[in-house]
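> Below are the structure tokens for one structure; questions will follow.
What follows is calculated from the coordinates using simple rules that are stated; it is not laboratory data. Small disclaimer: the values here were computed from a predicted structure and weren't measured. Please note: Cβ atoms are built from the backbone with ideal geometry, for glycine as well, and neighbour counts cover all protein chains shown.
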Ligand SMILES: C[S@@+](CC[C@H](N)C(=O)[O-])C[C@H]1O[C@@H](n2cnc3c(N)ncnc32)[C@H](O)[C@@H]1O
């Protein structure tokens with residue numbers, strides 16, 4: 001399991017054992033998605049998203065990587081009534097069940113944008129209170145530059161899977177085709193960390209999550 005390369009197995013099983021399972025339609029959807037092997041956010045990341053929505057109370061959210069709509073529905077359910085969520089998905093295999101799930105469970109605030117986020121994001125101009133990056137890891141530097149433009153001051157940026165099964169911290173994996181992903185994740189983390197407009201913490205949960213706050217005022221680096 002991926003997370004065993006990030007968190008000691010005895011710690012992750014302890015966390016799992018004590019976690020209260022999600023109930024209602026989100027619990028059902030989560031179970032169905034896992035049974036069918038859809039790559040939805042794992043429990044720690046989805047709990048974090050829920051808590052951030054409840055604290056931040058966003059009016060507008062952007063998500064890159066809809067999959068079958070689980071995290072978009074979770075964020076809608078955890079945000080104040082009237083929240084609007086734009087979520088981007090390029091894979092038709094995910095788009096069909098995502099549309100079904102939204103039809104069934106959404107309160108009407110979620111819009112799916114079909115296509116590659118790299119192509120679609122430059123056409124976005126509205127600002128967001130919260131952005132969740134959960135698409136192809138090799139594109140995180142491009143996503144970050146667009147999201148930087150689209151995130152409000154006092155906004156929150158979350159990105160999942162930044163450790164890439166530990167390789168991002170460890171060096172280049174055995175499989176050469178993954179080298180580009182490692183290099184790009186390293187570039188994303190360096191760019192984010194060096195950006196004085198953001199304060200970032202890397203959380204060693206799931207496969208690594210960056211949680212960043214966009215400053216009201218730019219911080220001077222010492
Ligand atoms: C990890 S899944 C997203 C899980 C979802 N956020 C959730 O927790 O329910 C990643 C999704 O991003 C999509 N994706 C990857 N790169 C993308 C891109 N450049 N543009 C649009 N969608 C992308 C994939 O097709 C996949 O469905």
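> Over all directions, average the projected area of the Cα convex hull of segment 2-214 and note it in nm². Don't skip to the answer; put the middle values down first.
Working: hull surface 46.4 nm².
It is 11.6 nm².
> Roughly speaking, what is the centre-to-centre gap between segment 160-176 and segment 108-151 when only Cα atoms are used, to the nearest Å?
23
> Follow-up. Between residue 99 and residue 13, what is 0.36 nm times their sequence separation minus the Cα-Cα distance? Round to one decimal in nm.
Values: separation 86, 0.36 × 86 = 30.96 nm, distance 3.35 nm.
My answer for the length gained is 27.6 nm.
> Can you pull the three principal axis extents for the Cα set of segment 107-167, in Å, largest first?
37, 28, 26
> Contour minus end-to-end for residue 153 and residue 57, with contour as 0.36 nm per residue of separation and end-to-end as the Cα-Cα distance? Can you show the working numbers first?
Numbers: separation 96, 0.36 × 96 = 34.56 nm, distance 1.46 nm.
Taking residue 153 through residue 57 to full extension adds about 33.1 nm, to one decimal.
> Can you give the helix-only mean residue ellipticity at 222 nm for the chain, where every DSSP H stretch with n ≥ 4 adds -39500 (n - 2.57) and the sum goes over all residues, rounded to the nearest 500 deg cm²/dmol? It would help to have the intermediate numbers written out before the result.
Values: 9 runs with 93 residues, N = 222.
Mean residue ellipticity at 222 nm (helix-derived): -12500 deg cm²/dmol.
> Okay, next question. Order of 207, 195 from fewest to most other C-beta atoms within 10 Å?
Working: 207 22, 195 18.
Lowest to highest Cβ neighbour count: 195, 207.
> Rank these for me by crowding, 137, 153, 217, 99, going from fewest to most other beta carbons within 10 Å.
On the way: 137 24, 153 12, 217 8, 99 16.
Starting with the residue having the fewest Cβ neighbours, the order is 217, 153, 99, 137.
> So, one more: Suppose the Debye formula is applied to equal point scatterers at every Cα of segment 1-119; what is log10 I(q)/I(0) at q = 0.10 Å⁻¹?
These q points yield log10 I(q)/I(0) values of -0.32.
> Remind me, relative contact order of segment 1-146 in percent, using alpha carbon pairs under 8 angstrom and six or more residues apart? Kindly include the intermediate steps, with their values, before the conclusion.
Numbers: 181 pairs, mean separation 31.9, N = 146.
This gives 22 percent for segment 1-146.
> Order by neighbour count: 197, 86, 160, fewest other Cβ atoms within 10 Å first, most last. Provide the component values of the computation, followed by the final result.
Working: 197 16, 86 22, 160 25.
Least crowded to most crowded, the residues run 197, 86, 160.
> Also: For segment 61-91 and segment 7-57, what is the separation of their C-alpha centers, rounded to whole Å?
Centre-to-centre distance over Cα atoms comes out at 16 Å.
> Which of rounded, prolate or oblate describes segment 1-69 when judged by the alpha-carbon gyration tensor and an a/c cut-off of 1.5?
Working: a/c = 1.63, a/b = 1.37, b/c = 1.19.
Verdict is prolate for segment 1-69.
> Here's another thing I want to ask about it. Roughly what would the spin-label model give for residue 190 and residue 21, points 7 Å off Cα along C-beta, in nm?
A separation of 4.5 nm, rounded to one decimal place.
> Antiparallel versus total DSSP beta bridges in the chain: what percent is that, nearest 5?
Working: 11 of 30 bridges.
Antiparallel: roughly 35 percent of the beta bridges in the chain.
> Just check segment 163-208 against the gyration tensor rule for me: Cα atoms, a ≥ b ≥ c as the square roots of the eigenvalues, rounded for a/c under 1.5, and otherwise prolate or oblate depending on whether a/b exceeds b/c. The partial results should precede the final answer.
On the way: a/c = 3.52, a/b = 1.65, b/c = 2.14.
Note, shape of segment 163-208 comes out oblate.
> Picking from 79, 13, 106, which is most flexible by a Gaussian network model of the chain using Cα springs under 10 Å?
In the Gaussian network model the winner is 13.
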